[in-house]
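Please read the structure below before turning to the comments.
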Amino acid sequence: MNIGILTSGGDCPGLNAAIRGVAKASYEMFDNVTIFGIDDGYHGLIHGNYTKMEPYQFSGILTLGGTIFGTSRQPFKEMRNIGEDNIDKVKSMVENYEKMNLDCLVTIGGNGTHKSANMLSDEGLNVIGLPKTIDNDLWGTEVTFGFHTAVDIATDVIDRIHTTASSHGRVMIIELMGHKAGWLNLYAGVAGGADIILIPEIPFEHHKIIEAVEKRTVSGKNFSIVAIAEGSISKKESAMSAKEMEEYRKESGYFSVAHRVADKIQTKTGFETRVVSPGHVVRGGSPSAYDRILSTRFGVHAAELIKDKKFGRTVALENNQISSNKLSEVAGKLKLVPKDCEMVEDARRLGISFGD
Ligand code: F6P
């Protein structure tokens with residue numbers, strides 16, 4: 001039994017726990033198994049960069065952040081394009097799969113990774129996916145590993161910002177990752193006690209944000225906490241074409257949505273306003289206990305699917321049970337925050353503003 005494992009897309013805590021889960025379960029389940037670690041995601045499969053692993057190399061990595069195999073972003077939309085290097089990426093990946101004489105390729109990643117995994121499955125390769133991303137925006141699973149740890153880290157950032165906000169009487173804006181989906185920002189905003197939560201799924205209006213800040217002032221609070229996802233947009237922008245939006249943002253003089261919102265708040269209210277962007281910090285370090293368990297169980301289930309020869313599937317958590325979906329059903333499907341989901345409704349009942 002030869003199994004290849006690759007990690008692709010943004011890194012996050014839990015990747016090594018997932019790798020360890022696949023490996024240790026495979027060593028337990030199969031009499032004779034060889035595991036290949038493929039370097040830097042699909043780049044390694046394209047260019048034939050892989051290593052035959054030894055069992056001891058999967059020890060001591062449960063708590064290790066990042067990925068021992070490395071990762072990269074190989075945009076799905078470029079997979080069938082032949083670039084200046086004149087390499088047919090799909091053909092190369094199939095050839096290297098065959099050179100390793102793989103019985104299965106395990107791909108661990110987010111949306112883009114799953115689209116390429118599904119494409120390889122359609123090419124006839126035996127592929128199993130594991131859902132990974134701090135964005136939690138993969139359809140078909142209640143949660144992706146990496147998300148829980150990122151919520152913990154982001155919540156700690158918001159907690160710490162509270163003390164400086166109240167000491168200085170400032171409006172503090174924390175901008176978190178999440179280009180398309182606002183799950184991380186929503187959960188960390190509620191957990192961190194943010195007063196205003198802005199996410200891509202709910203376009204905001206600047207005057208509503210200012211009203212929320214001023215309402216706090218009237219109620220005697222000397223500070224406000226705004227949690228904003230990097231992909232949040234105003235209602236005005238949501239009606240613009242991509243080109244108009246680019247022009248509008250350039251004219252604002254600010255690259256990030258957080259700085260544009262900060263400028264409006266400070267200009268309109270006179271309150272000192274600061275922006276904090278923890279960026280990749282929320283993807284760093286050791287996985288939470290929850291993510292260690294989820295990643296490990298995803299990995300074990302992937303080994304089960306290999307044993308049962310149920311290829312072309314990706315592992316999932318549904319109704320708190322480990323299950324799996326067809327890659328073809330998951331690939332390219334985003335799971336966005338429903339505007340009326342319970343978490344949003346509960347936050348509104350708490351008096352949290354979504355700027356709308
Ligand atoms: O996809 C996960 C993610 O962390 C996004 O939330 C973020 O916008 C993006 O990756 C950052 O990409 P990179 O690590 O390539 O800068």
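Just to confirm my filter: which helices (runs of 4 or more DSSP H) fall fully inside segment 152-241 and include at least 3 residues that are under 18 Å from His280 (Cβ atoms)? Can you show your working first?
Working: elements: 183-191, 206-218, 235-238.
Filter on segment 152-241 gives 183-191.
Within segment 20-39, identify whether any single residue is without any contact (Cβ under 8 Å) to a residue 40 or more places away in the chain, open to solvent by less than 50 Å² (accessible area, probe 1.4 Å) and of a type in the set (S, T, N, Q), and answer yes or no.
yes
Considering only segment 301-310, I want to know if a residue exists there that is within 25 Å of the chain's Cα centre (by Cα), loosely packed, with under 15 Cβ neighbours inside 10 Å and under 23 Å from Asn16 (Cα atoms).
no
Of the conditions (1) of a type in the set (S, T, N, Q); (2) open to solvent by 60 Å² or more (accessible area, probe 1.4 Å); (3) touching a helix residue (DSSP H, G or I) at 6+ places or on another chain (Cβ under 8 Å), Thr7 fails just one. Which one is it?
The number of the failed condition is (2).
For segment 125-165, give me each residue that is on the phi > 0 side of the Ramachandran plot and more than 16 Å from the ligand (Cβ to nearest atom).
Selection gives Gly140 alone.
Check off (1) within 16 Å of the ligand (Cβ to nearest atom); (2) under 20 Å from Thr155 (Cβ atoms) for Ser224 and give me the number that stays unchecked.
Of (1) within 16 Å of the ligand (Cβ to nearest atom); (2) under 20 Å from Thr155 (Cβ atoms), only one is false for Ser224: (1).
For Ile108, state whether it is more than 16 Å from the ligand (Cβ to nearest atom), open to solvent by less than 60 Å² (accessible area, probe 1.4 Å) and assigned by TED's automatic domain parsing to the domain that holds Asn136.
Details: more than 16 Å from the ligand (Cβ to nearest atom): no; open to solvent by less than 60 Å² (accessible area, probe 1.4 Å): yes; assigned by TED's automatic domain parsing to the domain that holds Asn136: yes.
Against the criterion (more than 16 Å from the ligand (Cβ to nearest atom), open to solvent by less than 60 Å² (accessible area, probe 1.4 Å) and assigned by TED's automatic domain parsing to the domain that holds Asn136), Ile108 does not qualify.
Condition first: in contact with a Pro (Cβ under 9 Å, 6 or more places away or on another chain), open to solvent by 10 Å² or more (accessible area, probe 1.4 Å) and closer than 30 Å to Asn16 by Cβ. Can you find one or more residues in segment 179-202 that meet it?
There is at least one residue in segment 179-202 that is in contact with a Pro (Cβ under 9 Å, 6 or more places away or on another chain), open to solvent by 10 Å² or more (accessible area, probe 1.4 Å) and closer than 30 Å to Asn16 by Cβ.
Given (1) of a type in the set (Val, Ile, Thr); (2) over 21 Å from Ile233 (Cα atoms); (3) surrounded by fewer than 17 Cβ atoms within 10 Å (Cβ to Cβ), where does Val282 come up short, assuming only one miss?
For Val282, the failing item is (3).
Hey, Leu120 hits all of (1) touching a residue at least 60 places away in the same chain (Cβ under 8 Å); (2) more than 16 Å from the ligand (Cβ to nearest atom); (3) open to solvent by less than 10 Å² (accessible area, probe 1.4 Å) but one; which does it fall short on?
(1)
Any chance you could count how many residues in segment 102-141 are assigned to a loop (DSSP other than H, G, I, E, B) and among the hydrophobic types (A, V, I, L, M, F, W, C)?
Narrowing segment 102-141 to residues assigned to a loop (DSSP other than H, G, I, E, B): 102-103, 110, 123-126, 133-137, 139-141.
Cutting the leftovers down to among the hydrophobic types (A, V, I, L, M, F, W, C) gives us 102, 125, 134, 139.
Qualifying residue count, segment 102-141: 4.
Would you pick out the residues in segment 270-328 that are away from the ligand (no atom under 16 Å from the Cβ) and on the phi > 0 side of the Ramachandran plot?
Answer for segment 270-328, where residues must be away from the ligand (no atom under 16 Å from the Cβ) and on the phi > 0 side of the Ramachandran plot: Gly270, Lys309, Gly312, Asn319, Asn320.
Condition check ((1) under 29 Å from Gly189 (Cβ atoms); (2) surrounded by fewer than 16 Cβ atoms within 10 Å (Cβ to Cβ); (3) in the same structural domain as Ile209 (by TED's automatic domain parsing)) across all residues:
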| position | (1), (2), (3) |
| --- | --- |
| Gly231 | yes, no, yes |
| Phe255 | yes, yes, yes |
| Ile293 | yes, no, no |
| Phe298 | yes, no, no |
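The values are calculated or read from the model by the stated rules, or taken from the named source; none is laboratory data. No experiment lies behind these values; they were computed from the predicted model shown. All Cβ positions, even for glycine, are placed from backbone atoms using ideal geometry, and neighbour counts span all protein chains on display. Calculation scope for accessible area: heavy atoms of the full protein, side chains included, ligands and nucleic acids excluded. Shrake-Rupley method; radii C 1.70, N 1.55, O 1.52, S 1.80 Å.
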